[in-house]
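To start, the structure itself, in structure tokens.
The values are calculated or read from the model by the stated rules, or taken from the named source; none is laboratory data. Worth saying up front: this structure is predicted, and the values here are computed from it rather than measured. When we count neighbours, we look across all protein chains shown, and the Cβ atoms used for this are built from the backbone with ideal geometry, even at glycine.
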Amino acid sequence: MATYAQVGRLLGVSARFLRPLASSGCQSSRIYWPSKATGVSNRWPQNAVWLVPGRTMFVQTQDTPNPNSLKFLPGQTVLEEGTMNFAGPRDAFCSPLARQLFRIDGVKSVFLGPDFITITKSDETVEWKVIKPDVYAAIMDFYTSGLPIVNEDSKPSADTAPSEDDDEVVAMIKELLDTRIRPTVQEDGGDVLYRGFDDGIVKLKLQGACTSCPSSIVTLKNGIQNMLQFYIPEVEAVEEVKDDEEAAQV
């Protein structure tokens with residue numbers, strides 16, 4: 001009978017990862033294989049890693065402040081620059097990856113970051129343990145397909161990039177957003193975009209996990225607003241711009 005080491009070499013998997021396969025659950029503390037055995041727990045830890053023998057891709061998950069949003073980290077680059085938010089299937093025409101993820105029942109929105117993908121589920125009745133396996137499989141299948149994350153004619157918005165038309169205050173706001181605020185918000189699976197500065201009011205749009213997060217107002221007022229006011233006295237307040245408000249301004 002082949003030893004664990006021999007089987008491991010054949011499958012391209014370390015022998016120490018094969019030992020849990022001898023049990024009915026096929027589980028280790030950080031690595032999971034799908035199992036049809038009865039009595040296997042359906043609980044998935046938040047730091048789960050999905051591994052398929054013969055593949056070298058690991059997909060990890062990370063909690064966000066929004067219970068309906070979860071970060072998936074494929075261990076590979078997602079977007080070379082910027083971020084992209086897809087509020088629904090109709091918005092995903094430019095991204096083959098987003099279109100594939102929207103085929104999963106219960107997925108409400110998809111957000112692409114530099115090295116992560118934030119999935120927001122439709123509501124609290126949809127359980128993550130039901131969605132996760134399908135998201136894992138969709139991400140791994142996509143990366144092996146060779147398709148682009150987004151079409152060549154579609155590029156992420158670089159709204160915080162300085163412009164020749166920006167005055168000194170706006171340039172400072174954009175710099176703080178780009179260097180201090182956005183990286184922190186992206187750690188939580190979201191993003192914040194600059195949408196204007198008028199009469200001391202900075203208008204921002206939240207994306208990803210921040211869109212429907214219960215603590216988004218706290219983030220805006222106690223986090224972003226306080227930082228902008230500390231460095232830029234001209235800033236009096238920060239307001240969130242919704243999709244319908246943005247459409248009305250066009």
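For Thr125, the criteria (1) in the same structural domain as Gln76 (by TED's automatic domain parsing); (2) under 17 Å from the mean Cα position of the chain (by Cα) hold in every case but one, which is (2).
Residue-by-condition table, conditions (1) within 19 Å of the chain's Cα centre (by Cα); (2) of a type outside the set (A, V, I, L, M); (3) assigned by TED's automatic domain parsing to the domain that holds Ser109:
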position: Asp178; (1), (2), (3): yes, yes, no
position: Thr184; (1), (2), (3): yes, yes, no
position: Leu193; (1), (2), (3): yes, no, no
position: Lys203; (1), (2), (3): no, yes, no
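For region 206-241, filtered to residues that are of a type in the set (D, E, K, R) and modelled with pLDDT of 90 or more, the residue that is surrounded by the fewest Cβ atoms within 10 Å (Cβ to Cβ) is Glu236.
Every condition in (1) in a loop (DSSP other than H, G, I, E, B); (2) within 19 Å of the chain's Cα centre (by Cα); (3) without any contact (Cβ under 8 Å) to a residue 24 or more places away in the chain holds for Phe93 except the one numbered (1). Here Ser122 passes the criteria (1) farther than 17 Å from Gln60 by Cα; (2) out of contact with any Gly (no Cβ under 8 Å at 6 or more places or on another chain); (3) exposed (fewer than 14 other Cβ atoms within 10 Å of the Cβ) except the one numbered (2). Of the residues Val49, Val40, the single one that is under 25 Å from Thr144 (Cβ atoms), at pLDDT below 90, surrounded by fewer than 19 Cβ atoms within 10 Å (Cβ to Cβ) and not hydroxyl-bearing (Ser, Thr, Tyr) is Val49.
If you check Val150, Val130, Val126 for being of a type in the set (Val, Ile, Thr), in contact with a Cys (Cβ under 9 Å, 6 or more places away or on another chain) and not in a strand (DSSP E or B), only one passes: Val150.
So for region 142-153 (the condition being without any contact (Cβ under 8 Å) to a residue 60 or more places away in the chain, within 22 Å of Asp188 (Cα to Cα) and under 15 Å from the mean Cα position of the chain (by Cα)), does at least one residue qualify? No, there is no match, as no residue in region 142-153 is without any contact (Cβ under 8 Å) to a residue 60 or more places away in the chain, within 22 Å of Asp188 (Cα to Cα) and under 15 Å from the mean Cα position of the chain (by Cα). Residues that are touching a residue at least 40 places away in the same chain (Cβ under 8 Å) and not small (Gly, Ala, Ser) were ranked within region 96-111; the one that is surrounded by the most Cβ atoms within 10 Å (Cβ to Cβ) is Phe111.
Among the residues making up region 138-154, those that are touching a strand residue (DSSP E or B) at 6+ places or on another chain (Cβ under 8 Å) and farther than 14 Å from Phe86 by Cα are Ile139, Met140.
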